[in-house]
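Let me begin by presenting the structure, written as structure tokens, before commenting on it.
Please treat every number below as a calculation from the coordinates, not as lab data. Small disclaimer: the values here were computed from a predicted structure and weren't measured. Cβ sites come from the backbone with ideal geometry, for glycine too, and all protein chains shown count toward neighbours.
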Amino acid sequence: MTEEIHDNVPSRQRKRFPGISSRAYEHPADRSALVALRKLTGFDTVFKALSGLLPERSLRLLFLSDSVRVSEAQFAHLHGMLLDACYVLDLAKVPAMYVTQDPRPNAMCIGLDEPIIVVTTGLVELLDEEEMRAVVGHEVGHALSGHSVYRTILLFLTNLALKVAWIPLGNVAIMAIVTALREWFRKSELSADRAGLLVGQDLKASMRGLMKIAGGNHLHEMNVDAFLEQAEEYEAGGDLRDSVLKILNVLPRTHPFTTVRAAELKKWAESRDYQRILDGHYPRRDEDKDTSVADSFRDSASHYADTVRTSKDPLLKLVGNIAGGAGDLGGKLRDRFTGGTAGPKPPRDPDAAEGQA
């Protein structure tokens, strides 16, 4: 169930991004994780099979019968935010949106043919208007990026894995795909957080929303700077054992840790990339067909090389040292993703200044 936009304008003055491509805000790790997922053995077969078997009509009827559909007559303030978000990101069709009874604060964008946005009552009651605007923008970002298809498959496979856990080896194959889907899912959240910021254009509101999701409706007891310091402490703290524990802790999760999301979003909000989008310089959808896959790989490889170089995590530091430094690792990653071959390095100029590229 969709509707066309008719000259809806934001409720306060914000910039709009006509024809914006999801490439403008997608996190490099999101794109690379999705590429890795598509290359996973058996994924194409599972994807094609499930695309025809998933009960999407049943899913829509379930929300239609047991949730409240957002409209001008129901949850009108959310309806206005939805139209607003679609206007700002220039999404031609407004996805159907539902509010479902659940005390846990959550939102999702699912669906194969057409995306459906679902928000819980716990989330609606927790967030103020500007915080909720960022969340609605987050979900519209998922819709614009086409994330709903893979998220629906993850939802189905997670339930299936529980049902076939007793079958020898049956669960192993499914869990391999589920694990890869979860890795992509977590990275896609970083992309959608950026979309939410583009819609709300209020970093403080985005930060408040993430803090409330982590600590509840007690903003008077919380501090943004202290919250972000947690992310830095989490990344840098401990030894190699803690690095391994971080990996094990995040594997079963569909979302990145909230402090990490806040730190990633703040970093992007302060970047030149974000400012260029606000200034009207961003990739357009009509250019997507001309986009080079190799360029996407190269961007992802550069991102991971930069992550290794700047990370304070003990394990990533070790990876950087083993690889002979982040620069060498970046080159190896780029060669691996783009099929290039690194040629012999020119002799080092002993008079060259340290740190120059």
- When Arg16, Arg23 are ordered from fewest to most other Cβ atoms inside 10 Å of their Cβ, what list results? Arg16, Arg23
- Within-14-Å neighbourhood charge of Leu127 [Cβ basis; K, R +1; D, E -1]: -2
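As a quick test, which of the pairs Lys15/Lys289; Lys187/Lys266; Lys15/Lys204; Lys93/Lys204; Lys267/Lys289; Lys15/Lys187 have an alpha carbon distance above 20 angstrom in this structure?
Lys15/Lys289; Lys93/Lys204; Lys267/Lys289; Lys15/Lys187
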- Note on the structure: Net charge (Lys, Arg +1; Asp, Glu -1) of residues whose beta-carbon lies under 13 Å from that of Leu278, Leu278 excluded, is +2
- List every residue whose amide H lies under 5 Å from the amide H of Ala96, counting only residues 5 or more places away in sequence or on a different chain, with H placed 1.01 Å from N in the peptide plane. Ile117
- If we count other beta carbons within 10 Å of each Cβ, what is the order of Thr152, Thr258, fewest first? Thr258, Thr152
